[in-house]
Amino acid sequence: TDPDKKPVTDFEANWTKEPDVSKPGKSTGTVEITYPDGSKETVEVPVTVRDANGHTQADKNDPKTPGNKVKVDDPTKLTDGEKEDVVKAVEDANKDDNGNSTLPDGTKITVGDNGDVTVTYPDGSKDTIPGDKVVEGKTDADKTDVTVPGTKVEVGDPTKLTDGEKGQVEEAIKDANPNLPDGTKITVADDGTATILYPDGSYKVIDGQDLVTKPGQTTADQVTPVVPGDKVTVVDPNHLTDAEKDQVKTNVEKANQNNFPAGTVVMVADDGTATITYPDGSVDQISAADLITKPMAAGQAGKGTGTTTTNGQGAPAGQGKADQAKTLPQTGNEQGSLLAASGLGMLLLGMLGLGGKRKKED
């Protein structure tokens, strides 16, 4: 402006540093301005470069919202750690199958105190994800750690507890968890499973097998391991690699995630046999034949070896329980042998009858 504060229009401006306009985004250039009195001034000029259609990167991108909300103590005032969790959740939600970001390089994600997410693209344009789409307050169940009683309640029938036994289970849980919120209710089902219901309606469940036991019975007596539906294909069934053992272990644990009590340990031997050790020290096993298979040799395909890599639905293991011995069905070859023997007997009887007839005629 001139001394009268009116805009100066007769000035000369020249780029001393031109902005980069070769691609969409933000860039900064430097301009030298020469006024009528000969004085000069250098100023920085920010420039936003749009694509050929005039679209910003915000116009062309639609950031995805995380599938699961981040649980926070106070949705109106996130901590720095909670904000970092939100940033990571948004970053993870916007990755392809190879783990690469689908957002333009240089995109920045910031989170406000209320959880609002701002996605700022390299060209300066922005997208916003409302906080209530990405965060939620923690429930009483989220905030409260539940301790399983160290000693199980001995009951007459673990499948049908009496009212008195249910009361003992409830008291055992209360003793192990003295800091439960006021108003928390504990209910115990017939099988000993306990549901802890908090004042806000959230809840946690403790499985009955972690709470009750029958005198003289071990965990192995009460639990039947489930055989995984899929077998692991191994190179040498007598000497599994560590990776093969890990896969067998994972399969067993996954098939029994709602079956084994907390603290159960699964170990896999060189031959693929899985040994399950329960917290009380009792043990179950799953045979290697139920867990692993060897690749079919070349030229054997279609010959009916009976070896498959999929068992279908998971089934209870046959090991560790004396009353679970299985009788294998007869094969077609055995039936064929019986039929052949029967046919041979009929042939001999026919020949004897024919010989007797001829002797009588003579």
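The values are calculated or read from the model by the stated rules, or taken from the named source; none is laboratory data. Being a predicted model, the structure only gives us computed values, none of them experimental. Neighbour counts run over all protein chains shown; Cβ positions are idealised from the backbone, glycine included.
For the stretch 183-197, indicate whether the set of residues that are in the same structural domain as THR275 (by TED's automatic domain parsing) and over 24 Å from the mean Cα position of the chain (by Cα) is non-empty. Outline the logic, then answer.
Start the filter on the stretch 183-197 by keeping residues that are in the same structural domain as THR275 (by TED's automatic domain parsing), which leaves none.
No, every residue in the stretch 183-197 fails to be in the same structural domain as THR275 (by TED's automatic domain parsing) and over 24 Å from the mean Cα position of the chain (by Cα).
Which pairs do you get when a residue that is outside any loop (DSSP other than H, G, I, E, B), found in the stretch 64-78, comes within reach of a residue that is small (Gly, Ala, Ser), reach meaning Cβ atoms under 9 angstrom, with the pair 6+ apart or on two chains?
VAL70/ALA89; VAL70/GLY115; LYS71/GLY137; VAL72/GLY115; VAL72/GLY137
I'd like to check something: does the stretch 149-158 contain any residue that is at pLDDT 95 or above, outside any helix (DSSP H, G or I) and loosely packed, with under 13 Cβ neighbours inside 10 Å?
Checked against the condition, which is being at pLDDT 95 or above, outside any helix (DSSP H, G or I) and loosely packed, with under 13 Cβ neighbours inside 10 Å, the stretch 149-158 yields no hits at all.
(1) of a type in the set (Gly, Ala, Ser); (2) at pLDDT 95 or above; (3) crowded, with 20+ Cβ neighbours inside 10 Å: which one isn't true of SER202, the others all being true?
SER202 satisfies all of (1) of a type in the set (Gly, Ala, Ser); (2) at pLDDT 95 or above; (3) crowded, with 20+ Cβ neighbours inside 10 Å except (3).
Specify the residue that is nearest to THR56 (Cα to Cα); the eligible residues are those in the stretch 109-127 that are assigned to a strand (DSSP E or B) and modelled with pLDDT under 95.
Ranking the qualifying residues of the stretch 109-127, first place goes to LYS126.
I want to confirm something. Restricting to the stretch 219-263 and keeping residues that are outside any helix (DSSP H, G or I) and in contact with a Leu (Cβ under 9 Å, 6 or more places away or on another chain), which single residue is surrounded by the most Cβ atoms within 10 Å (Cβ to Cβ)?
Ranking the candidates gives PRO228 first.
Find the residue count for the stretch 210-233, including only residues that are among the charged types (D, E, K, R) and within 26 Å of the chain's Cα centre (by Cα).
Selection size over the stretch 210-233: 3.
State yes or no: is ASP80 at pLDDT below 95 and either surrounded by 17 or more Cβ atoms within 10 Å (Cβ to Cβ) or of a type in the set (Asp, Glu) (or both)?
Values: at pLDDT below 95: no; either surrounded by 17 or more Cβ atoms within 10 Å (Cβ to Cβ) or of a type in the set (Asp, Glu) (or both): yes.
For ASP80, the condition - at pLDDT below 95 and either surrounded by 17 or more Cβ atoms within 10 Å (Cβ to Cβ) or of a type in the set (Asp, Glu) (or both) - is not met.
Can you tell me how many residues in the stretch 265-298 are at pLDDT below 95 and closer than 30 Å to PRO149 by Cβ?
Going through the stretch 265-298 one residue at a time, the tally reaches 5.
For THR187, all conditions in the list (1) within 19 Å of TYR198 (Cβ to Cβ); (2) at pLDDT below 95; (3) not in a helix (DSSP H, G or I) hold save one; what is the number of the exception?
Answer for THR187: the failing condition is (2).
State whether the residues of the stretch 238-249 include one that is more than 25 Å from ASN177 (Cβ to Cβ) and among the basic types (Lys, Arg).
Yes.
Name the one entry in VAL86, VAL135 that is under 22 Å from the mean Cα position of the chain (by Cα) and more than 27 Å from ASN179 (Cβ to Cβ). Step through it out loud before you land on a result.
Numbers: VAL135 fails: more than 27 Å from ASN179 (Cβ to Cβ).
One residue alone meets the criteria, VAL86.
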